[in-house]
Amino acid sequence: MGVKDVLVVGGGIAGVQAALDLADQGFKVYLVEKEPSIGGRMIQLQKVFPTMDCPSCIFTPKMVAVSNHPQIELLTYTEVDEIKREGKTFRITLYKKARYVDEERCVGCGICENNCPVDVPSEFDNYLGARKAIYIPFAQAVPKVAVVDIDNCVLCGVCERVCPAKAVDFTQRPQTIKVEVGAIVIATGFKLYDLSRLEHFGGGKYANVIPSLTMDRLLIPNGPYGALVRPSDGKIPRRVAFILCVGSRARNPLVGYPYCSRVCCMYTIRQAQSTILNLRKVEVDVYYMDIRAYGKGFEEFYQRAKGVGVRFIKGRVARITEKENGNLILRAEIIAGKDSRIVEEEYEMVVLALGIRPQHKALARLLPDLGIDEYGFVKTVSPKLDPTTTNIPGVFVAGVAEGPKDIVDTVMQASACAMRASAYISGL
């Protein structure tokens, strides 16, 4: 009888769902997440479409369930270092980075963070706000344990002195953990298209040209600024443009990839609605090629955005330039039937709906036989009939690691992936 434990790589919604489904069937699950907390991208969002529900309200109970499940060993701040196969068993070497905080002692009170003198741009707020050199990643973090950013720490010792639980430990060292599993679930999620490659849109140099994830952080009441303001000067914007298909559906490989990222239309419609409902007196324009409202309730959501005042402009933005006051000039080709015209419009803030890219390169290097498609996503044996099984027996994939998809499709695929993995290690 082979090993029946499972390794799940990635602590976003796909990894968490797969881990819970497997653990509920009685399998031992090692859930590995490279960041200090599970949560992935979903926990950073302001709302989810088309219901406009709170992502934290949906996801946090699942995150807590993972940490409390007797069949799940949660290994955060940990990466897969080596994978060796012997028969049907995978021998895994994990590299757990030093937190310099004792996870058993830390109570998540935040006193260390409040007293730390070092400010560092916050990754969770997409580098808008600041965090400390010792910090808890976000309010709902699981585990809610501080971590020391040793690269930015000045070793002043303040956190060590003020910690009431005596949890700060600068003698900690990285750990090597070895486990044996019968199956691996790849749920490594995604990253956004690299903004610096878009020189015609400022290449990340214009403060008021922001990626979509940054807009989500601005729209959240407890975000970095506590209000929807433009980053350059803190002013409330009165004209905001959203540009779709940035880095997606591109014929020129220098500015993107030819595939559709599937979620950009709908999350932009969500953000555009939220901008109007938040600021009231604001003009919001969405520049698009096509609106792909394919899912349940998506068309109605699109029409609702029109109803609250979002203006949809069919056309392609060619270039963005910045004025001295921080405002932005969009030069675009507007399409009306068979005719088109070139226009220039001035906005106070521009939001780019960046396409999504896979982020499993490090893991793929450890599985050199893993099938990867022409765009970098993990290939499955049959995208239609078996969208979770890879070409390597015992290795399965869920979520955006397999291809662009929204949260609903990700959760469904993660549950399907768990069933495939359980059937495989059970010999069914």
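The values are calculated or read from the model by the stated rules, or taken from the named source; none is laboratory data. None of these values were measured; they are calculated from a predicted model. Reconstructed Cβ throughout: ideal geometry from the backbone, glycine too, with neighbour counts over all protein chains shown.
A compact table of results
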item	result
Near pairs, Cβ below 7 angstrom, 6+ apart or cross-chain, from region 416-428 (over 17 Å from residue 87 (Cα atoms)) to any residue that is assigned to a helix (DSSP H, G or I)	417/18; 418/18; 418/21; 418/22; 422/22
Residue among 257, 267 that alone is surrounded by fewer than 19 Cβ atoms within 10 Å (Cβ to Cβ), modelled with pLDDT of 95 or more and either in a strand (DSSP E or B) or hydroxyl-bearing (Ser, Thr, Tyr) (or both)	257
Scope region 134-154; condition in a strand (DSSP E or B) and under 25 Å from residue 68 (Cβ atoms); matching residues	135, 142, 147
Test: residue in region 60-71 that is of a type in the set (Lys, Arg) and in a loop (DSSP other than H, G, I, E, B)	no
Residue in region 26-36 that is surrounded by fewer than 20 Cβ atoms within 10 Å (Cβ to Cβ), under 16 Å from residue 188 (Cα atoms) and free of Cβ contacts under 8 Å to residues at least 60 places away in the same chain present	yes
Qualifying position, being touching a strand residue (DSSP E or B) at 6+ places or on another chain (Cβ under 6 Å), in the same structural domain as residue 204 (by TED's automatic domain parsing), among the basic types (Lys, Arg) and more than 26 Å from residue 405 (Cα to Cα), among 239, 316	239
Residues that are touching a residue at least 24 places away in the same chain (Cβ under 8 Å) and either exposed (fewer than 14 other Cβ atoms within 10 Å of the Cβ) or touching a strand residue (DSSP E or B) at 6+ places or on another chain (Cβ under 7 Å) (or both), drawn from region 322-341	322, 327, 328, 330, 332, 340
Residue within region 195-215 that is surrounded by 15 or more Cβ atoms within 10 Å (Cβ to Cβ), acidic (Asp, Glu) and more than 30 Å from residue 424 (Cα to Cα) present	no
Conditions (1) within 30 Å of residue 355 (Cβ to Cβ); (2) not hydrophobic (A, V, I, L, M, F, W, C); (3) not in a loop (DSSP other than H, G, I, E, B): number failed by residue 126	(3)
Residue list for region 374-428, filter: hydrophobic (A, V, I, L, M, F, W, C), over 24 Å from residue 361 (Cβ atoms) and either outside any helix (DSSP H, G or I) or at pLDDT below 95 (or both)	385, 428
Any hit, region 298-309, residues being assigned to a loop (DSSP other than H, G, I, E, B) and under 28 Å from the mean Cα position of the chain (by Cα)	no
Matching residues, region 1-25, being of a type in the set (A, V, I, L, M) and crowded, with 20+ Cβ neighbours inside 10 Å	6, 7, 8, 9, 13, 14, 16, 18, 19, 20, 22, 23
Identity of the residue in region 346-365, closer than 23 Å to residue 85 by Cβ and surrounded by 17 or more Cβ atoms within 10 Å (Cβ to Cβ), that ends up modelled with the highest pLDDT	358
Yes/no for residue 236 being at pLDDT 95 or above and part of a loop (DSSP other than H, G, I, E, B)	yes
Residue that is closer than 30 Å to residue 427 by Cα, modelled with pLDDT of 95 or more and surrounded by 18 or more Cβ atoms within 10 Å (Cβ to Cβ), where the choices are 66, 145, 48	66
Residues being more than 21 Å from residue 178 (Cα to Cα) and part of a helix (DSSP H, G or I) - total across region 17-52	8
Enumeration of residues in region 158-176 that are out of contact with any Phe, Trp or Tyr (no Cβ under 6 Å at 6 or more places or on another chain) and closer than 18 Å to residue 118 by Cβ	158, 159, 160, 161, 162, 163, 168
Test result for residue 393, farther than 14 Å from residue 183 by Cβ, surrounded by fewer than 18 Cβ atoms within 10 Å (Cβ to Cβ) and either without any contact (Cβ under 8 Å) to a residue 24 or more places away in the chain or not β-branched (Val, Ile, Thr) (or both)	no
Extreme residue, surrounded by the fewest Cβ atoms within 10 Å (Cβ to Cβ), among residues of region 216-227 that are within 21 Å of the chain's Cα centre (by Cα) and among the hydrophobic types (A, V, I, L, M, F, W, C)	219
